[in-house]
Amino acid sequence: MSARRRRRAAAEEEEEEEEEEEKAAAGSDKEVDLEERLGELDLRSDSDIPDVPPPTDSTPEILKRALSGLSARWKNWWIRGILTLAMISVFFLIIYLGSFMLMLLVLSIQVKCYHEIITIGYRVYHSYDLPWFRSLSWYFLLCVNYFFYGETVADYFATFVQRREQLQFLIRYHRFISFALYLTGFCMFVLSLVKKHYRLQFYMFAWTHVTLLITVTQSHLVIQNLFEGMIWFLVPISSVICNDITAYIFGFFFGRTPLIKLSPKKTWEGFIGGFFSTVVFGFIFSYFLAQHQYFVCPVEYNSETNRFVTECEPSELFQMKKYSLPPLLQAVLGWETVNMYPFQMHSIALSTFASLIGPFGGFFASGFKRAFKIKDFADTIPGHGGIMDRFDCQYLMATFVHVYITSFIRGPNPSKLLKQLLILQPEQQLSVYKTLKSHLVEKGILQPSPRG
């Protein structure tokens with residue numbers, strides 16, 4: 001019996017092993033089938049995307065003739081260089097014209113970037129002839145801008161608004177009006193749904209909203225940074241521009257090692273060279289800007305003169321201080337102390353982000369363009385592509401600067417609080433006054449008023 005039982009147990013073990021092998025084989029077959037189905041799905045989705053017409057060459061004829069004897073590589077280098085200098089010159093001219101012109105520039109760039117991204121969607125799916133797509137896209141852009149800029153007006157121009165009765169209603173019910181406008185567009189979208197194109201229409205609805213998130217909300221943060229002081233606007237933007245230029249130059253002359261597959265032309269040499277160049281540039285550029293009230297004072301609106309003003313007593317960030325150097329730097333430089341503005345230390349953090357993390361905005365844009373088989377977002381700027389091609393890193397930078405200011409810099413603003421108190425009703429102001437006076441008496445800062 002024992003031998004028979006052993007044979008039966010051995011047979012059962014063999015059957016169990018065979019069943020496990022069959023299950024494993026079936027599982028592997030399922031995995032293979034799943035991979036094949038996913039691969040077919042990827043191929044099908046790529047083949048369903050119509051080819052986008054390549055952008056036309058918008059290079060001025062005078063440049064084409066002047067550079068006709070050069071190779072394509074050097075011709076592109078000169079075109080990019082000349083147009084870069086032209087854009088930088090225009091940028092400095094707008095800075096000279098003041099904060100209001102900078103705000104208009106940000107708004108113009110926002111609209112153009114939005115137009116370029118939406119146009120890609122329209123070109124890719126133009127054959128479906130979706131109803132109301134373009135109209136609804138621009139309507140949602142107006143709605144979102146109305147909301148964000150209305151919030152800015154109510155926040156920074158409260159005194160001005162309080163003096164205009166026709167604006168008080170719009171400001172008081174601003175969020176309700178904004179929501180009603182968005183609901184109107186939402187209902188229009190639902191009414192525009194067409195049979196057999198539901199999935200595509202919802203895809204484009206999401207496309208529009210993601211584009212709004214990327215462009216409008218980020219440009220609003222840029223303006224918020226500008227109101228903190230023009231230096232918080234100029235240093236981050238200039239750092240991204242500097243990193244873009246120096247990384248291109250280092251990569252052009254010394255680039256050998258590929259950095260990332262999404263951007264084959266990006267190299268480690270360009271990435272590292274751009275990093276060190278940008279940190280040095282940000283440190284020096286901040287030193288010059290920190291010396292002038294025009295750049296360091298918060299931008300405020302003077303309701304009496306109807307102008308933006310940048311006059312103030314500079315904060316501690318922009319007052320020269322003496323710092324002791326670490327022993328290692330003392331040995332290298334031969335200096336024990338150095339005079340610098342505290343903001344220059346913050347500029348190192350801003351420049352580092354612009355050099356190490358900022359380029360990922362460009363990598364993201366490269367992935368987007370590869371997904372839709374396009375070289376550039378548009379052909380607005382010869383040698384550079386579209387506006388979005390030049391500002392893909394700026395939006396990521398704007399978010400970081402806003403978070404950095406709110407986390408490490410911004411404190412209570414007495415001027416802003418006073419403006420809010422001035423628009424209260426007299427009885428509300430009196431209540432605030434009594435509460436504040438009682439608090440100061442308890443702290444021993446004020447003497448209690450004599451009674452009787």
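The values are calculated or read from the model by the stated rules, or taken from the named source; none is laboratory data. The model shown is predicted, which means the values in this text are computed figures rather than measured ones. Using ideal geometry, Cβ is built from the backbone for each residue, glycine included, and neighbour counts are taken over all protein chains shown. Ligands, DNA and RNA are excluded from the accessible area calculation, which covers all protein heavy atoms including side chains. Shrake-Rupley method; radii C 1.70, N 1.55, O 1.52, S 1.80 Å.
Between Val332, Thr257, Met388, the Cα set farthest toward the positive side of the dipole of region 233-392 (charges on each charged residue's Cβ, about the Cα centre) is that of Thr257.
The peptide list 201-214, 267-280, put in order of mean Cβ contacts within 10 Å with the highest first, becomes 267-280, 201-214. Given a 1.4 Å probe and the protein chains all in place, what does the accessible area of Val153 round to, in Å² to the nearest 10? Answer for Val153: close to 50 Å² accessible. The 1.4 Å probe gives accessible areas that order Met230, Met101, largest first, as Met101, Met230. In order along region 235-248, phi translates into HN-Hα couplings of 4, x, 5, 5, 5, 5, 5, 4, 5, 5, 5, 5, 5, 5 Hz, rounded to whole numbers, per the Karplus curve 6.51 cos²θ - 1.76 cosθ + 1.60 with θ = phi - 60° and x for Gly and Pro. Once all protein chains are placed together, Trp77 keeps about 60 Å² accessible to a 1.4 angstrom probe. Taking amide H atoms as placed 1.01 Å from N in the peptide plane, the amide H of Glu228 lies under 5 Å from those of Val299, each 5 or more residues away in sequence or on another chain. Sorting Lys369, Lys443 by solvent-accessible area of protein heavy atoms yields Lys443, Lys369, largest first, with a 1.4 Å probe. Amide H contacts of Thr267 (H built 1.01 Å from N, in plane; Pro and chain starts excluded): Leu259 sit under 5 Å, all sequence-distant by 5 or more or on other chains.
Derived scalar couplings between HN and Hα for region 357-367 equal 9, x, x, 5, x, x, 5, 4, 5, 5, x Hz in order, rounded to whole Hz, by the Karplus curve 6.51 cos²θ - 1.76 cosθ + 1.60 (θ = phi - 60°), x for Gly and Pro.
Taking amide H atoms as placed 1.01 Å from N in the peptide plane, the amide H of Leu325 lies under 5 Å from those of Thr337, Val338, each 5 or more residues away in sequence or on another chain.
With a 1.4 Å probe rolled over the protein heavy atoms of all chains, the accessible area of Cys113, Cys312, Cys187 falls in the order Cys187, Cys312, Cys113, largest first. By a 1.4 Å probe calculation restricted to protein chains, Ile409 has an accessible surface near 50 Å², given to the nearest 10. At the listed q of 0.13, 0.18, 0.19, 0.27 Å⁻¹, the Debye profile of region 215-272, built from one uniform point per Cα, gives log10 I(q)/I(0) equal to -0.48, -0.69, -0.72, -0.94. Of the GluC sites (Glu not before Pro) found in region 270-339, those in coil by DSSP whose Cβ has at most 16 other Cβ atoms within 10 Å are Glu304, Glu311, Glu336. Each residue of region 391-401 was assigned a 3J(HN,Hα) from its phi angle through the Karplus curve 6.51 cos²θ - 1.76 cosθ + 1.60 (θ = phi - 60°); the sequence is 10, 5, 8, 5, 5, 5, 5, 4, 5, 4, 4 Hz, with glycine and proline shown as x.
Seen from Ser366, the other residues with C-beta closer than 9 Å to its C-beta sum to a net charge of +2, counting Lys and Arg as +1 and Asp and Glu as -1.
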